[in-house]
Each structure stands twice: as C-alpha cells, then as structure tokens.
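In what follows, a single structure is set out as structure tokens and then discussed.
Coordinate-derived values only; no laboratory data. Small disclaimer: the values here were computed from a predicted structure and weren't measured. Cβ coordinates were reconstructed from backbone atoms using ideal geometry, including for glycine residues, and neighbour counts include every protein chain displayed.
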Amino acid sequence: MVFSSHLFIYYFLPLALLVHALSWKLLPRPMRHLGLLVVSYLFYGWANPAFVFLMLFSTAVDYACGLLIDSAPEGDAGRRRRRLAVTTSVLSNLGLLGFFKYFNFGIDTWNAAVQAAGITGWANDEVMRIVLPLGISFYTFQSMSYTIDVFRGRCAALRNPVDFACYVAMFPQLVAGPILRFREVADQLDARRHTLAKTARGTAFFSIGLAKKVLLANPCGKVADLTFGTHGLGVLDAWYGVVAYAFQIYFDFSGYTDMAIGLGLLLGFRFPKNFDSPYRSRSLTEFWRRWHMSLSRWLRDYLYIPLGGNRKGRRRTYVNLMLVMLLGGLWHGAAWTFVAWGAIHGGLLAFERLRRDLGKAPLPGPPAMHMVATFLLVLVGWVFFRSADLGDAFAYLGAMFGLGADSAASTAALISSIAGAPYYLGTVLMAAVVVWAAPQTWDFTERLTAPKAVVSLLLLVVSLVVMDTQGYNPFIYFIF
C-alpha cells in the first residue's frame, strides 16, 4: 500500500485516523496506542501478512532486551547481562536483515564466481529465493538503536509493550523512514497534544509531499526508466536521463518523507526533518548532512563513532569513512552497483577530509560552481545506484561522456518520444526550479498563513486529479 493511492487516501487513512482518535479517547492510558498499532500492522501486512510476524519477532526480542538491560544489577554480573542483551538485540536484527536482504545476493555472487572460474557444477541453481520484506532495513535499524541507547544509558527502557510495538510499527514512517530514534518520540508516546495547528500543518505537509510524488517524481521516473533502458544513447539523452533520475529519487523519497511527517502531525507526533535541500550542497560532506538526514545520523552514531570516528588518527578516519559508506551502500541494496555507489561517496568524503586535514584552501570559484560540481559528482553516483548491474552502469557512463556505441535510430526514437515531449521536458525543468529555487516544505509550513494553506490545498486537489490518470506510481525506497 503506497501513500499515493486511492486505497490509502480514501479508505485506509480516514479509518486509521478514526481508530486512533477513538482508542486515544476511550481506552485507558496503557492501551491508548492500541488502535494505531492495529492499523499499522494492517498497513504493513497488506501486501503479505507473514511479514507482520517477522516484525513481531524483532519487536519482542528488542523489547525483552531493553528490559533486561535496564533492570540489570550493578557489578560484573550486571555488566555481563547488559552486554549479552544488547549483543542479542544487535545480532538478531542484523541476522534478520542479512538473511532476507543478502541471501539472494550471496547465492548470485557465488554462482557468478564459479561460472567465471569454469566450475559450473558448483553453481546453486536450485536454491530457494527469498522475498525481501518491505521496510526491513528501516525498522531493524530503528528497533536496534533503541536497545543500544538503553545500553548506553541515553534512555530508559519502555515498560509498556503496546507503546514499544507502536514505536516500531508506526505506519507513517514504517517502510521508508525517517528512521526514528526512541528518544526523539519517547516523551510523545507518553503524552502529546492533538492540536488544530498540528492538523493544519500536517495536512499541508502531506499535500506538498503528494504533489512532489505525483506531479514531479512519477513523470521524471518515466524519463529515467526509458533512458536507462535504452542502448546506444547520445550524450545529451544520457545526461537528460540521469538528471531525471536524480529528480525522481529526490522527489520520490523527500515526497514520501513529507507525507510521513504530515501523517505524524495528524497523529499528534513531531518527526525529525529528513531532507535539507541536498542538491544545493557545495561538497559531498555537506550533501550527506542534507540527504536522508536520519540515516546519516544513524550511521554516524552507531557505526562511524564506534569504529573510532576521527579519534584514532587521519588514516583510520579515512578508512572509517570508506567503511561506513560501503556498508551504507549495501544497506540500500544487495548488489555490486550499490557497493560501487558507496565506494564513490566514501572515496570522495575521504578526499574532502584529507584536503581539510592538510589545511588546503577551498577549491577556487564561486559557491554556485561548487554546487554544480557536487551535483555532477552525485549524478555519477546515481548511475550506479540506478543501473541493473556494473556493466550497464559503465555503459551508461560511457554514453554520458560520448564513449559509448552510438545508435542513431534509438536516439532519435528517444528524443521524439521523451526528450521532445513538452510534458516530460517541462516536468524536469519544473523539478529543477523546485530543487534550486523553491522553499523547503519544512520551512514553508512552519508558519502556515492563509495563502500558504490555499496553495497546499490546490496542490492536493491537482495531485488527486492527476493521480487518477497515472498508471506509473512506484515508490523507489520501498525496495530498500
């Protein structure tokens, strides 16, 4: 079930808000999140009810581990118990994530290796294939961070199992983030106010996010699909396609985040900001402070700093940056293209850190030039992120830089069907205007005036009308 669908907007969302409001008002304090929990499980299990049991297992393990850590006595025995509990939580979550996300990748890699070595008899062609549960990368990270924070003493364990299960399964951010730290919502789970101001801002957030998804991301995605699926591209078509993909993934993901934040506000929650105009960045370091901010903070606090961060010398810092980005690439997808994407970003982050450590002056040129250069580097990375395999990625890069085999027929067909179509070209241009000139949703809705409310409602109406006509409506981050 995706947010930009009739099923969600016209049926599920009104039901979810009604059930939550009734349970909040009518049930006793320990059970008042029961309604939200039930509709969240309904949302998650809509595609495959078996996935709910997997989430229940992860939730139960982390809930129990949190209690064991929090109630451990002082002394050596208590320290051993706390370490055992947090280790159990981390290994169970990483075990689930590793099995379901990387089992197929491991089998495919093994088969490719033995075939390349000419040992075809060793291939495992009959091994079962694993279906990836939606959002497992997000809720395992979120749940695991809870037990780690309890272990570190940064928050107390939650005693109420309904509240904890609601924290893990809350449907607005369940399958694509933002990744919520427990301490960011602990007080809100205990007590929060449902106000008219939150409802108004939440509606505006959802409306703008839906417009990003339906009016910008989906048409840009059509351009990207056709260009990445076409061989023999010309230089301009290849660049046009990767720019369209950069806009698609940004508006798809930030649009989802806007809708998630808006839905959270409708439920009385304030979720953290997850995007901060990342394509306006003037370095890769700045880009990762602005893109998927909840993941960047998670990787920093639970991976980069435990690895030593920048406290163990320059070389170790560069190695840590590379490792974090390589693992971040694998977190996004089980394929060598994601490893390459992570390596590109890790290498560039390490290079920028090296320049800073050596006291090098900033690169010459105006800030706008640095922003353009950063965007071009990000585009190169997106080629690997989008391509089916490394061969396709290098072929596409070759087309971007005029090194690929030219095909006049396919290029002409692409220009006439996509690049020359005013609707698609106009959408990509409008996306560029929004990326570099429009205010962020967070800032636009912070002080909601009557004109802003009218704009938001107009965007909602137009988006709903256009949604009725679209057959192409994927959410990219659902597969991660």
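With mean projected area of the Cα convex hull in nm² as the read-out, I listed (i) 26.7; (ii) 42.1; (iii) 57.7; which label goes with the value calculated from this structure?
(i)
Amide H of Ala421 versus every other amide H placed in the peptide plane: which residues, excluding those fewer than 5 positions away on the same chain, fall under 5 Å?
Correct list: empty.
Can you compute the helix-only [θ] at 222 nm over the chain? Use -39500 (n - 2.57) per DSSP H run of at least 4 residues, normalise by all residues, nearest 500 deg cm²/dmol.
Values: 20 runs with 314 residues, N = 480.
Calculated mean residue ellipticity at 222 nm is -21500 deg cm²/dmol.
I need the shape label for the stretch 1-61. Rule: rounded when a/c is under 1.5, else prolate if a/b > b/c, else oblate, with a, b, c from the alpha carbon gyration tensor.
Values: a/c = 3.43, a/b = 1.04, b/c = 3.28.
It comes out oblate by the Cα gyration axes.
Find the relative contact order for the chain and round it to a whole percent, using C-alpha pairs within less than 8 Å whose residues are 6+ positions apart. Don't jump to the answer; show the numbers that get you there.
Working: 627 pairs, mean separation 88.5, N = 480.
Once divided by the residue count of the chain, the mean separation gives 18 percent.
Quick one: what are the phi-derived ³J(HN,Hα) couplings along the stretch 67-80, Karplus 6.51/-1.76/1.60 with θ = phi - 60°, whole Hz, x for glycine and proline?
Working through the residues one at a time gives 5, 5, 5, 5, 9, 5, x, 6, x, 4, 4, x, 5, 5 Hz.
Classify the stretch 198-479: rounded, prolate or oblate, from the alpha-carbon gyration tensor (a ≥ b ≥ c, eigenvalue square roots; a/c under 1.5 rounded; otherwise prolate if a/b is larger than b/c)?
On the way: a/c = 1.81, a/b = 1.09, b/c = 1.67.
Oblate shape, in that a/c is at least 1.5 and b/c is the bigger or equal ratio.
Around Pro366, what is the net charge, scoring Lys/Arg as +1 and Asp/Glu as -1 over all other residues with Cβ under 15 Å from its Cβ? Provide the component values of the computation, followed by the final result.
Details: positive: Arg280, Arg282; negative: none.
Net charge around Pro366: +2.
So what is the relative contact order for the stretch 198-479, in percent, with contacts set as C-alpha pairs under 8 Å and at least six apart?
On the way: 357 pairs, mean separation 89.2, N = 282.
The value is 32 percent.
Run the numbers on the stretch 24-84 and let me know its relative contact order in percent, using alpha-carbon pairs under 8 Å that are six or more apart.
Details: 21 pairs, mean separation 9.3, N = 61.
RCO, the stretch 24-84: 15 percent.
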